[in-house]
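Q: Shown below is the structure under consideration.
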Amino acid sequence: MTLALEINDVGLVLARDGELLAEEPGFAMLDGSTAETGAVAMHRARLKPLFAETRYWQDLGTAPLARPMPAAKTHAEIAYAQLVALTSTLPATDRQLLVAVPAWYTREQLAVLLGVAREAGFETVGLVDAGLAAAALEPAPEALLQLELVLHRAVLTVLDHGGELRRTRYELLPQHGWLALQQAWLDRLAAAFVRKTRFDPLHEAANEQRLWDGLPGWLAMLECAATVTLEMQAGGVVHSVELAREEFAAAASRIYDGLVQALQRARPAGGRLHLRLSHRLAGLPGLGERLAELRDCEVTRLPRGAAALGALAYERTLRRDPGAVVLVQRLPVPLRSASLHAGTPAAAVVPVEDRPTHVVLRSRAWAIRREPLTIGSAVPAGLRALALDAGPGISRQHCTLASDDDGVWLEDLSTYGTLVNGERVRGRVPLRTGDRLRVGSPGVECELVRVVDGDGAP
């Protein structure tokens with residue numbers, strides 16, 4: 001029976017027949033004669049950081065390690081050790097392998113990967129882009145983004161549907177990976193302990209490792225609780241602090257900002273943002289709330305091991321003759337029908353009571369009517385105009401505001417873009433009361449308001 005391996009060093013996943021068989025992190029300890037990998041190594045990484053390796057899947061290759069050890073001298077040797085350990089309990093008959101590989105792997109890295117698998121006793125029968133495979137479990141809209149975390153970076157995969165679902169490009173976000181998130185939380189937790197108990201868990205390696213080991217459980221608790229109580233024992237004393245979800249979210253805000261900005265950059269011009277989010281990202285405290293602020297964004301949470309499961313679902317497409325394995329970057333995923341992905345009809349995008357009637361700039365209000373109101377630095381005579389002083393990033397005819405039976409709309413006409421609530425928009429987008437419109441850099445900001453009859457009471 002065919003196995004699927006998902007290479008994500010936060011958790012390498014092994015699957016078969018639609019079921020997950022194993023998952024373990026891409027950690028290695030090289031302080032012995034043999035490489036120790038997986039969870040055992042992770043639970044020692046803070047105790048002996050000089051002997052810990054976490055980049056061997058990311059930088060897979062045969063170049064000598066910066067500090068070669070008796071246990072391993074290259075990243076490929078460490079990867080081999082982990083693959084052997086991960087598959088050690090499998091029947092000898094399960095020797096054919098589909099691999100969901102990271103987007104950034106070069107031809108040379110793919111060749112090394114095939115060699116590692118062969119040395120471990122496996123025949124690789126198919127390779128597929130991991131982001132594509134993860135997004136392929138359900139019918140897809142015409143444009144789609146998939147976001148994932150690996151240990152040292154985040155990976156945004158941009159896909160479109162033109163008869164098949166295909167990866168068009170990807171973006172790597174260094175310093176936005178799982179380890180950066182964990183370090184931000186560890187620092188916040190340590191500060192809370194110091195502030196409330198005078199106990200510093202980062203002062204000794206053993207306590208730092210305990211804090212590290214406890215973090216996944218605390219994060220899991222926060223998926224269904226507003227606060228979590230953290231307890232650590234040291235020197236015969238139990239130290240306890242209570243932290244709220246908001247504090248975890250605040251600690252991760254820099255990384256969340258980077259993820260949101262990447263999504264905004266990749267949004268299809270004038271279209272809805274369809275995002276398929278890995279299970280580990282979907283469970284992070286506060287990230288869901290940040291994504292909910294994005295305009296016209298649909299978020300789908302992917303299951304654990306989505307890339308491995310996606311590879312198995314498209315095994316027939318991925319399989320190649322021995323010696324003819326190629327990296328697949330398109331799959332015959334069904335196109336999601338318009339009725340399923342169009343969302344609410346245009347007339348219901350913004351309820352009537354939430355549609356603005358005026359745009360306000362410097363305490364003056366301009367009515368929004370069926371006849372477009374053009375905002376810019378040199379609006380031609382004869383057009384309804386909100387005239388702005390010329391400045392960086394402000395076009396002569398920058399954008400228009402207009403209403404119709406379906407809502408109130410902004411249409412961007414500019415070269416440099418228009419921001420709504422801090423997010424760049426393209427094409428024609430709906431507006432609601434309270435939206436803030438910015439043109440230029442630093443530019444000027446307008447507010448969309450609704451004038452009500454009488455005192456505004458229902």
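The values are calculated or read from the model by the stated rules, or taken from the named source; none is laboratory data. In this text, all values refer to a predicted model and were calculated from it rather than measured experimentally. Note that each Cβ is placed from the backbone with ideal geometry, even for glycine, and that neighbours are counted across all protein chains shown.
Q: Can you tell which of Ala154, Ala191, Ala133 is in contact with a His (Cβ under 9 Å, 6 or more places away or on another chain) and either of a type in the set (A, V, I, L, M, F, W, C) or within 30 Å of Gly236 (Cα to Cα) (or both)?
A: Residue meeting the stated conditions: Ala154.
Q: May I pose another question? Which of the residues that make up segment 436-458 are in a loop (DSSP other than H, G, I, E, B) and at pLDDT 90 or above?
A: Listed by number, the residues that qualify are Arg450, Val451.
Q: Out of everything in segment 304-323 that is in contact with a Leu (Cβ under 7 Å, 6 or more places away or on another chain) and not in a helix (DSSP H, G or I), what residue ends up being surrounded by the most Cβ atoms within 10 Å (Cβ to Cβ)?
A: Here the residue is Gly305.
Q: Within segment 361-401, track down each residue that is part of a strand (DSSP E or B) and surrounded by 15 or more Cβ atoms within 10 Å (Cβ to Cβ).
A: Leu361, Trp366, Leu373, Thr374, Ile375, Gly376, Ala385, Leu386, Cys399, Thr400, Leu401, listed by residue number.
Q: Look at segment 99-129 and say how many of its residues are part of a strand (DSSP E or B) and under 22 Å from Arg55 (Cα atoms).
A: Adding up the residues that qualify gives 6.
Q: While we're looking at this one, here's another question. Among the residues of segment 439-450, how many are surrounded by 19 or more Cβ atoms within 10 Å (Cβ to Cβ) and within 15 Å of Trp409 (Cα to Cα)?
A: 2
Q: Does segment 125-184 hold any residues that are without any contact (Cβ under 8 Å) to a residue 60 or more places away in the chain and aliphatic (A, V, I, L, M), and which are they?
A: Passing the criteria: Val155, Leu159.
Q: Pairs only if they're at least six apart or on different chains, beta carbon under 7 angstrom, first in segment 377-390 and polar (S, T, N, Q), second surrounded by fewer than 11 Cβ atoms within 10 Å (Cβ to Cβ) and assigned to a loop (DSSP other than H, G, I, E, B); list them, first residue then second.
A: Between residues of segment 377-390 that are polar (S, T, N, Q) and residues that are surrounded by fewer than 11 Cβ atoms within 10 Å (Cβ to Cβ) and assigned to a loop (DSSP other than H, G, I, E, B), the close pairs are Ser377/Asp389.
Q: Moving to a separate point now. On the given criteria, is Pro345 at pLDDT 90 or above and closer than 30 Å to Leu275 by Cα?
A: no
Q: Of everything in segment 185-199, what is in contact (Cβ under 8 Å) with a residue 60 or more places away in the chain and buried (at least 18 other Cβ atoms within 10 Å of the Cβ)? Give them in sequence order.
A: Trp185
Q: Oh, and also: Just for segment 130-142: of the residues that are hydrophobic (A, V, I, L, M, F, W, C) and in a loop (DSSP other than H, G, I, E, B), which one is surrounded by the most Cβ atoms within 10 Å (Cβ to Cβ)?
A: Here the residue is Ala136.
Q: Can you find even one residue in segment 350-360 that is assigned to a loop (DSSP other than H, G, I, E, B), at pLDDT below 90, in the same structural domain as Glu445 (by TED's automatic domain parsing) and of a type outside the set (A, V, I, L, M)?
A: Yes, because at least one residue in segment 350-360 is assigned to a loop (DSSP other than H, G, I, E, B), at pLDDT below 90, in the same structural domain as Glu445 (by TED's automatic domain parsing) and of a type outside the set (A, V, I, L, M).
Q: To continue, here is another question. All but one of (1) over 27 Å from Phe248 (Cα atoms); (2) in contact with a strand residue (DSSP E or B) (Cβ under 8 Å, 6 or more places away or on another chain) hold for Ala269; state the number of the condition that does not hold.
A: Result: Ala269 passes all but (2).
Q: Taking only segment 120-129 into account, find how many residues are touching a Leu at 6+ places or on another chain (Cβ under 9 Å) and either hydrophobic (A, V, I, L, M, F, W, C) or surrounded by fewer than 20 Cβ atoms within 10 Å (Cβ to Cβ) (or both).
A: 6
Q: From the list Ala266, Ala262, Ala250, Ala282, which one is farther than 21 Å from Gln146 by Cβ and of a type outside the set (Lys, Arg)?
A: Ala250
Q: Then there's this: Looking only at segment 291-316, which residues are modelled with pLDDT under 95, of a type in the set (Ser, Thr, Tyr) and over 19 Å from Arg272 (Cα atoms)?
A: Those that are modelled with pLDDT under 95, of a type in the set (Ser, Thr, Tyr) and over 19 Å from Arg272 (Cα atoms): none in segment 291-316.
Q: Of the residues Gly271, Gly288, only one is at pLDDT below 95, surrounded by fewer than 17 Cβ atoms within 10 Å (Cβ to Cβ) and part of a loop (DSSP other than H, G, I, E, B); which?
A: None of the others qualify; the one that does is Gly271.
Residues checked against (1) buried (at least 17 other Cβ atoms within 10 Å of the Cβ); (2) over 30 Å from Val158 (Cβ atoms); (3) aliphatic (A, V, I, L, M):
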position: Thr54; (1), (2), (3): yes, no, no
position: Trp57; (1), (2), (3): yes, no, no
position: Thr62; (1), (2), (3): no, yes, no
position: Ala72; (1), (2), (3): yes, yes, yes
position: Glu77; (1), (2), (3): yes, yes, no
position: Leu83; (1), (2), (3): yes, no, yes
position: Thr89; (1), (2), (3): no, yes, no
position: Val99; (1), (2), (3): yes, no, yes
